[in-house]
């Protein structure tokens, strides 16, 4: 005969099925600060990454904050010290200060100077900086200079003035990378994209409205949405003075290929792409292109693949900045627990694309 006691839910089973318990079992530091857990038999609360012996899940409860754990009558664990600033937070603060120093210095600080300011050896600083930001100090400096030159070009008397004001000490060094940095010549960028021709087409597909645009370098935008006019305005904001023209017959073939990609994302797109972004964004986007059709990866997995395991939030931001829907498959990136999470073009479109790829697999 089944008793009432046997019909009660097993608290241990409920805890073991919670995604937070998985984070505790692998001692994932990425969840430190996102939640805490307490152990009834010891009376303490801990960080998810605590190195203490794993508790029985039936004795574990989850808490959203330190204050909540304390209000429940638990004291901080002496091993992981959940009430103190974490080592990761302290390290991140040092790297953030180094980033600010790079951004505000008139003359770029050397690696040795940055490391000394953070209280680390140059080798250790270089490794920690890349782990936190996803790029090396040199690449971060390059990104700062690229942003500065984009800001300076429209307001400077000459291109040369903008180059040196942005921190480049060599015009030749700047011009060697200017096309990848700006997507056009500095003179044209300074003019707001004037004389740059962007061919585009707008239409309807099974996912709603779409816009496909092409520069001289390749497809530079595949945008999805509900309002065709909003997609055109998005393109205009990217190239405020470019010559936006409707595609000719040859371009229509490329548009058809892009629409085919939307309808059959597993097929891939055999067209050149004009990919524009920071060094970090481009690393993320390359990693996305390596995810096989029909498969998914978490933001954390992408961060690990690019050698920046702590840069999960930055990976998510890079996915959101992607302007080449499906061609750079940010729809294949999900949360650690498998949830679809956000998607620049709408979660329902993300679900449809993933279902199509799984069906084709």
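The values are calculated or read from the model by the stated rules, or taken from the named source; none is laboratory data. Computed from a prediction, not measured in an experiment: that's the story for all the values here. Cβ placement follows ideal geometry from the backbone for every residue including glycine, while neighbour counts extend to all protein chains displayed.
As a summary of the residue check, residue 126 satisfies the conditions (1) surrounded by fewer than 16 Cβ atoms within 10 Å (Cβ to Cβ); (2) closer than 21 Å to residue 278 by Cβ except for the one numbered (1). Evaluation of residue 348 against the conditions (1) closer than 30 Å to residue 126 by Cα; (2) assigned to a helix (DSSP H, G or I) shows that the sole unmet condition is (1).
Considering segment 322-341, and only residues there that are assigned to a loop (DSSP other than H, G, I, E, B) and touching a helix residue (DSSP H, G or I) at 6+ places or on another chain (Cβ under 6 Å), the residue that is nearest to residue 264 (Cα to Cα) turns out to be 326. So is residue 135 outside any helix (DSSP H, G or I) and over 30 Å from residue 13 (Cβ atoms) or not? Answer is yes for this residue. For segment 296-315, a residue qualifies if it is assigned to a helix (DSSP H, G or I) and touching a residue at least 24 places away in the same chain (Cβ under 8 Å), and the qualifying residues are 299, 300, 302, 303, 312, 314, 315. Evaluating residue 27 against the criteria (1) assigned to a loop (DSSP other than H, G, I, E, B); (2) closer than 21 Å to residue 335 by Cβ; (3) in contact with a strand residue (DSSP E or B) (Cβ under 8 Å, 6 or more places away or on another chain) leaves one unmet condition, (3).
Return yes when residue 266 is assigned to a helix (DSSP H, G or I) and at pLDDT 90 or above and no when it is not. When the stated conditions are applied, residue 266 does not pass them.
Working only within segment 8-30, note down all residues that are over 23 Å from residue 298 (Cβ atoms) and surrounded by 14 or more Cβ atoms within 10 Å (Cβ to Cβ). 11, 12, listed by residue number. Evaluated against (1) assigned to a loop (DSSP other than H, G, I, E, B); (2) over 27 Å from residue 142 (Cβ atoms); (3) within 15 Å of the chain's Cα centre (by Cα); (4) in contact (Cβ under 8 Å) with a residue 40 or more places away in the chain, residue 293 falls short on exactly one condition, (3). Evaluate the following for residue 284: is it touching a helix residue (DSSP H, G or I) at 6+ places or on another chain (Cβ under 7 Å) and either at pLDDT 85 or above or more than 30 Å from residue 141 (Cβ to Cβ) (or both)? Yes, satisfied. Inspect all residues belonging to segment 31-54 and state whether any of them is surrounded by fewer than 14 Cβ atoms within 10 Å (Cβ to Cβ), part of a helix (DSSP H, G or I) and at pLDDT below 90. No, segment 31-54 contains no residue that is surrounded by fewer than 14 Cβ atoms within 10 Å (Cβ to Cβ), part of a helix (DSSP H, G or I) and at pLDDT below 90.
When segment 69-120 is filtered for residues that are farther than 18 Å from residue 34 by Cα and surrounded by fewer than 12 Cβ atoms within 10 Å (Cβ to Cβ), the ones remaining, listed by number, are 73, 78, 100, 104, 106, 107, 110, 112, 119. You will find that of 280, 239, the residue that is crowded, with 19+ Cβ neighbours inside 10 Å, farther than 21 Å from residue 199 by Cα and touching a residue at least 12 places away in the same chain (Cβ under 8 Å) is 280 and no other. Inside segment 284-339, residues that are within 29 Å of residue 200 (Cβ to Cβ), touching a strand residue (DSSP E or B) at 6+ places or on another chain (Cβ under 8 Å) and surrounded by fewer than 18 Cβ atoms within 10 Å (Cβ to Cβ) make up a count of 1. Restricted to segment 324-351, and to residues there that are within 13 Å of the chain's Cα centre (by Cα) and within 18 Å of residue 226 (Cα to Cα), the residue that is modelled with the lowest pLDDT is 342.
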